[in-house]
Every structure is written in C-alpha cells, then in structure tokens.
Amino acid sequence: MFGYSGYYILILGLQAFCLFHAYKNNNQQKWYMLIIFVPVIGCLIYLYETFYSRPNINNLTEGVKELVYSNYALDKLEKEVKYSETITNKMNLADAYTERGRHDEALKLYESCKKGYYENNSDLLKKLLRGYFLKQEYNKVIEVGKQLEGIKSVVDLEGKTAYAWALHYTGDTENAELKFKEMDAKFANFPSRIEFAKFLIEIGKPHNAKNILTAIVEEHGAMDSYEKNSKKGLVRESKRLLQTLR
C-alpha cells in the first residue's frame, strides 16, 4: 500500500530533479528557495514555467533520461558519430570520453579531427596537448605546445603546466623552469605554482620551492571567505609540501 512514506519519497524525488535541473541550467536563485521551502507547489510552478512549451517538454524527457540512465548522453553522442562523422560530433564524443577517463579513445578521436581547417585549431590543440601528457607522450606534448606558441594562442594554465613538465622530462629543464616562472603570479594560479614548487624540489632547489609555497599560504590568509573556501584543498597541499621541506 502506498502510504505517507511513499508520498514523502515522491516529493523528495521531485525536489531533487527540480534542484538538479535548476543548478544545471544556472536558473535564478529564487527557484532554489521556492523548491526547498514550498516543496509541492514550488516544484509544480517550476515545472510549469520551465517546461510549458513543446520544446521544453522534450528537454524534460531528455533530462529525466540523463538523470536515470547515466550513460544515456554518451550513448547518444556515440550514435551521432556513427551516423555522421563530423568534426563537431567527434569532438563532442571525445570530450565525453575525457570526462569519463577514457583517454585513449578520446585522443584517437581528437587526432582524427586534426586536418584541414582544424590543423591549427587552438581548442583542438589544447585538448591534444592534455591527452598526450596523460599518456606520457612528452615529445608530442612539446610539438603541440610549440605549435600553439607559433599561432600565438593563449594556452590555459593546465596545458602550460603540462608543457613545462614535458620539457623537463625530455631534458630541457632550463626552458621548463622559464615556463613555470611565467605562471608564478601573486594571488593567482595556485595549481600551477604548486606544480612549480614540486618541480623546484625535483631539480634540487628546495629553498625556492619553500618561498613559493609560503607565499601561497600567506596570500590565502589575505583572501575573502569565498576565495578561501574555494582554495582550501590547494593550500592544504601547499602546507603538506612545506612540511616535507623542514
């Protein structure tokens, strides 16, 4: 028999879906308050306002499928590539593989896209750089890094850090240090600066590493509460590394 507990679970499930959808689509803050504090009516209003039109009804169906069946989106992307091997379809599928840690499959797709107009596409090159680094193909990382520099593309910090490590791992430690130094900016780039400190420890410059890690901890202390919370894990890592240098 479907008792009160059943209704309660149903309401919680409805709330969970509405909150998930509002978060995923960056909807206004008011919806969170309405869904949480006026559960049934709030959810019904949200569903009506968000999914009243026919296209939005289809979006609701897709959203439920994705929530219930975690591989639904991936299966959909794989079918799109199967029926139409466009660059866009292949890159979308490769991105999905990367998110799931299937780097070999992702890299194979990215490589198949590097032709014609996309030969010098900076977004594709950045994805290839990260993929090669994960597979420890450091010479290819350097090759792509130089190509990005040649087309004057701004490499993201994660890619630039991978490029610096690849230079070091292939024996070009001097240029690797120069790349790391380019990312050593106050009140910013904590992940890259921590990698810089690890690099300095590895090449026998613990004093320089200690200066960077100490600066990170001190800068964190001067930040507002939001920034402090967002960087707690990075500062914890900095402190752990500092302990190893004492």
Checklist entry - Using mean Cβ contacts within 10 Å as the protection proxy, how do 215-226, 184-195 order, highest first? => result 184-195, 215-226
Checklist outcome for this item: Checked the chain against the a/c 1.5 cut and the a/b vs b/c comparison, axes a ≥ b ≥ c from its Cα gyration tensor; verdict oblate
Item to check | Approximate spin-label separation Ser230-Ala73, in nm, with each point projected 7 Å along Cα-to-Cβ | outcome: 2.1 nm
Checklist entry - Relative to the first principal axis of the alpha-carbon coordinates of the chain, what is the inclination of helix 87-99, with its axis defined by its Cα atoms, in degrees from 0 to 90 and to the nearest 10? => result 80 degrees
Checklist entry - Carbon and sulfur: what percent of the chain's accessible surface (1.4 Å probe)? => result 55 percent
Checklist entry - Relative contact order for the chain: what is it in percent, counting Cα pairs under 8 Å that are at least 6 residues apart? => result 8 percent
Checklist entry - Using 0.36 nm per residue, how much length does the chain from Glu158 to Tyr23 gain when fully extended, once their Cα-Cα distance is taken away? => result 46.0 nm
Item to check | Charge tally in the Cβ shell below 12 Å around Cys113, where Lys, Arg are +1 and Asp, Glu are -1, Cys113 excluded | outcome: 0
Checklist entry - Within the stretch 199-236, what residues put their amide N at less than 16 Å from the label point 7 Å along the Cα-to-Cβ vector of Lys186? => result 211-224
Item to check | Whole-number accessible area per residue in Å² for the chain, which is evaluated in the context of all protein chains at 1.4 Å | outcome: 62 Å²
Item to check | Label-point separation in nm, Glu80 to Asp104, each point 7 Å along Cα→Cβ | outcome: 2.6 nm
Checklist entry - Using the alpha-carbon atoms, what tilt in degrees (0 to 90, nearest 10) does helix 72-83 show relative to the longest principal axis of the chain? => result 70 degrees
Next on the checklist: Given R₀ = 51 Å, what would the calculated FRET efficiency be for Leu12 paired with Lys135, taking r from the Cβ atoms and rounding to 0.05?
Outcome noted: 0.75
Next on the checklist: So if I take the centroid of the Cα atoms in the stretch 219-246 and the same for the stretch 132-148, what is the distance between those two points in Å?
Outcome noted: 30 Å
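The values are calculated or read from the model by the stated rules, or taken from the named source; none is laboratory data. In this text, all values refer to a predicted model and were calculated from it rather than measured experimentally. With ideal geometry, Cβ positions are generated from the backbone for all residues, glycine too; neighbour counts draw on all protein chains shown. In case anyone asks, the SASA skips ligands and DNA or RNA and just uses the protein heavy atoms, side chains included. Shrake-Rupley method; radii C 1.70, N 1.55, O 1.52, S 1.80 Å.
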